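First comes the structure, then the notes that go with it.
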Amino acid sequence: MTKRILVFRELSDEQLASLRQDFSVDYLPDTQSADEPAFIEALSQAHGLVGSSLMITPELLDQAPNLEAIASISVGYDNYPVDELTRRGILLCNTPDVLTETTADTGFLLIMCTARRAIELAELIKQGNWTSNIGRNLFGTDVHGKTLGMIGLGRIGAAIARRGALGFGMNILYTKASPKPELERELGARRLEMDELLAEADIVCVTVPLTAETEKLFGAREFSRMKPGAIFVNIGRGKVVDEAAMIQALEDGTLHAAGLDVFEQEPLPAGSPLSSMKNVVALPHIGSATHETRNAMAQRAVDNIRLALDGKRPLSPVNDQILLERN
Ligand SMILES: NC(=O)c1ccc[n+]([C@@H]2O[C@H](COP(=O)([O-])OP(=O)(O)OC[C@H]3O[C@@H](n4cnc5c(N)ncnc54)[C@H](O)[C@@H]3O)[C@@H](O)[C@H]2O)c1
Ligand SMILES: O=C(O)[C@H](O)CO
């Protein structure tokens, strides 16, 4: 029997053709929501799913009796009910590593743009308002030599810290996670308690995944403990931050500026104060959005689904206890 795959994000022509050689493929790359009838119809027949960013619920899984594997085109997997997938024997795969450097570039872009007010000052020219020399009221702050506090020092966090330490002479702090002796040696990183990090860091950068433990990890209390004039960058997930508390901290000056690639609700709702605040650089979740990296992520997902449906070990399984149980 030829297995069916539902692909709900864009793949290259070559990737699609390679899947079509061995599988029957339903291709719905513009799916915006999991309750669209065409999606539900294809899901009801699918053995494999390839895509990203849809909220996959247990109720949705009830409509997918044949489903064996999901290959997410993302490293984050907070939109999947992992325990429920495992209970049902459905393998989940993600795309770590191939997006690490690009996402770290975006994280550093947010650090630079926020500290140097690059977007705000570029706008000045676009609006025809560069009519005299820039004065103190429009100066930014240095990045080189400053202290960078990493909340999460995994793959992406380490790649951002490496840019900071080796490229910009920054002091690196990190917290909570288990000790990272190699990064301490390589980058001179120091491990501190959260409150100590917040008190010392000029720039705090979030790269943790969204989990029950990290949801709203950052709230009014944490912002109030940051150094006056500090900058906050979030390239992890929006729900790690209490967004209302962050807006309040930006409005009352507790927080100097924020660089954000992720938000509590995406796309950012029209009228969110974050879309118009001068001290906010807001990007539409573009951490990994380059041609090269999105292609590599899609290729990893194609490889993962092919291996999983062939009964082999995928390159990057999330709930690989399923594989252990099978053997
Ligand atoms: N903005 C984007 O486009 C984009 C792109 C890729 C990834 N991401 C997000 O970044 C996350 C991290 O990706 P990664 O590849 O670096 O993952 P990773 O697993 O390598 O790193 C995450 C790190 O966070 C640490 N951590 C978890 N909870 C923590 C806590 N409470 N305090 C401190 N540290 C904690 C973990 O120990 C781990 O070291 C993804 O899960 C995803 O949500 C966003
Ligand atoms: O987790 C990821 O890979 C990015 O946020 C894209 O969804």
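Brief remarks on what is shown
- The lone exception for Gly229 - which of (1) among the small types (Gly, Ala, Ser); (2) surrounded by fewer than 19 Cβ atoms within 10 Å (Cβ to Cβ); (3) part of a loop (DSSP other than H, G, I, E, B); (4) modelled with pLDDT of 95 or more it fails: (4)
Each row is one residue, and each column tells you yes or no for (1) more than 25 Å from Gln265 (Cβ to Cβ); (2) touching a Pro at 6+ places or on another chain (Cβ under 9 Å); (3) assigned by TED's automatic domain parsing to the domain that holds Val318; (4) not hydrophobic (A, V, I, L, M, F, W, C).
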position: Gly128; (1), (2), (3), (4): yes, no, no, yes
position: Gly135; (1), (2), (3), (4): yes, no, no, yes
position: Ala158; (1), (2), (3), (4): yes, no, no, no
position: Tyr174; (1), (2), (3), (4): yes, no, no, yes
position: Leu183; (1), (2), (3), (4): yes, no, no, no
position: Val208; (1), (2), (3), (4): no, no, no, no
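- Between Gly167, Gly259, the distinction of being within 19 Å of the chain's Cα centre (by Cα) and either in a helix (DSSP H, G or I) or crowded, with 24+ Cβ neighbours inside 10 Å (or both) belongs to Gly259 only.
- Residue in the stretch 268-279 that is in contact (Cβ under 8 Å) with a residue 24 or more places away in the chain, within 30 Å of Leu121 (Cα to Cα) and in a helix (DSSP H, G or I) present: yes
- Some residue of the stretch 240-248 being part of a loop (DSSP other than H, G, I, E, B), away from ligand 2 (no atom under 16 Å from the Cβ) and either farther than 20 Å from Arg155 by Cα or not assigned by TED's automatic domain parsing to the domain that holds Ser53 (or both): yes
- Test: Ser275 is in contact with a strand residue (DSSP E or B) (Cβ under 9 Å, 6 or more places away or on another chain), polar (S, T, N, Q) and at negative phi: yes
- Number of positions in the stretch 62-90 that are in a strand (DSSP E or B) and of a type in the set (S, T, N, Q): 1
- Any chance Glu59 is under 28 Å from Gly236 (Cα atoms), assigned to a helix (DSSP H, G or I) and among the acidic types (Asp, Glu): yes
Results for (1) away from ligand 2 (no atom under 13 Å from the Cβ); (2) basic (Lys, Arg); (3) surrounded by fewer than 16 Cβ atoms within 10 Å (Cβ to Cβ), shown as yes or no for each residue.
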| position | (1), (2), (3) |
| --- | --- |
| Pro37 | yes, no, yes |
| Ala46 | yes, no, no |
| Ile56 | yes, no, no |
| Leu67 | yes, no, no |
| Ala71 | no, no, no |
| Tyr77 | no, no, no |
| Leu91 | yes, no, no |
| Asn94 | no, no, no |
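- Hits in the stretch 283-327 (condition: in a helix (DSSP H, G or I) and of a type in the set (Ser, Thr, Tyr)): Thr293
The values are calculated or read from the model by the stated rules, or taken from the named source; none is laboratory data. As the structure is a computational prediction, the values presented were derived from the model and not from experiment. No Cβ is skipped: glycine too gets one built from the backbone with ideal geometry, and neighbour counts run over all protein chains shown.
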